[in-house]
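What follows is a single structure, written as structure tokens, with notes after it.
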Amino acid sequence: MPVFYKEEINSTTHLGIWHITEEEAFFKKRVPQHRDVTHAHKRLQHLAGRFLLKFLVPDFPSEQIKIADTKKPFLADEAYHFSISHCADYAAAIVSSDHRVGIDIELPSAKVAKVRRKFISDAEEQALQPGGIETLTQLWSAKEAVFKWYGEGQIDFKQHIQLKNYLREGKGLSCYFAKTDTYADIHIELIQPLCLSYVCTPVQ
């Protein structure tokens, strides 16, 4: 099976990345489709992400997934907190029974340079000194992970998600989330060819 990456973050929190090589029928036999997706590849990504949830946590109740107005998938009883991301032929997921989570994967792309000023503040430019496309993509991915971790939408990436400094020899970022006046660490990592970011905080 094409498990591209797998990590046990703690005893209750699991993360995985799946390299999608299967046909749609493989996933449809195993998980339900929760919304209409007309684009064939996006539908494949959608199904692969939900399959990955059950791969990581076999008793995950995928048939109970609901979609919020913000398009965030969730379980009404919050038996598990989870987040899914898709990029090209990859799907990523993070699942936890007692941590609030958000995940994002990206392929480095020159497109991110064109929107640099829309998501990176002057203070972040000075503190983080983002240079190449890979670093810019990683910072975009980090902010996407925070956006998914929050899950309630209406976020200004530049104003509300403020990256302060690198942690753990470049494998983490300190983030001030102005929307709720809280701090959260973002794990960041380049797992070729992907930029991976995730946030994992205890449920209050």
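The values are calculated or read from the model by the stated rules, or taken from the named source; none is laboratory data. Not measured: the values here are computed from a predicted model. All Cβ positions, glycine included, derive from the backbone under ideal geometry; neighbour counts span all protein chains shown. Keep in mind that these areas ignore ligands, DNA and RNA; they rest on the heavy atoms of the full protein, side chains included. Shrake-Rupley method; radii C 1.70, N 1.55, O 1.52, S 1.80 Å.
The table below lists the values:
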read-out	value
Cleavage-rule hits (GluC sites (Glu not before Pro)) in the stretch 98-197: DSSP loop, at most 12 neighbouring Cβ within 10 angstrom	Glu152
Surface/4 of the Cα convex hull for the stretch 1-68, nm²	5.2 nm²
Label-reachable residues, the stretch 54-90, where backbone N falls under 18 Å from a point 7 Å from Lys28's Cα toward its Cβ	63
Max mean-square fluctuation residue, GNM over the chain, Cα-Cα springs under 10 Å, options Ala88, Ala40, Ala127	Ala40
Hz values of 3J(HN,Hα) by residue in the stretch 11-20 - Karplus curve (6.51, -1.76, 1.60), Gly and Pro given as x	5, 10, 10, 10, 10, x, 10, 10, 8, 7
Of all accessible heavy-atom area on the chain, the percent that carbon and sulfur account for (1.4 Å)	49 percent
Sequence-distant residues sharing a close amide H with Arg100 (under 5 Å, placed H)	Thr201, Val203
Choice from Val31, Val115, Val101 with maximal GNM fluctuation in the chain (Cα, 10 Å cutoff)	Val115
Rounded to whole Hz, the Karplus (6.51, -1.76, 1.60) HN-Hα couplings of the stretch 135-143, x for glycine and proline	5, 4, 4, 5, 5, 4, 4, 4, 6
Cα Rg, Dmax (largest Cα-Cα span) when computed across the stretch 60-114, Å	13.6, 41
Summed side-chain charge close to Glu22 - residues other than Glu22 whose Cβ falls under 15 Å, Lys, Arg +1, Asp, Glu -1	+3
Hz values of 3J(HN,Hα) by residue in the stretch 187-199 - Karplus curve (6.51, -1.76, 1.60), Gly and Pro given as x	7, 10, 7, 8, 10, 2, x, 9, 8, 10, 9, 8, 10
Cα-based equivalent ellipsoid of the chain: semi-axis lengths in Å, sorted from largest, via gyration tensor	28, 19, 16
Global geometry of the stretch 85-131, whether rounded, prolate or oblate, following the gyration tensor of its Cα atoms and the 1.5 cut on a/c	oblate
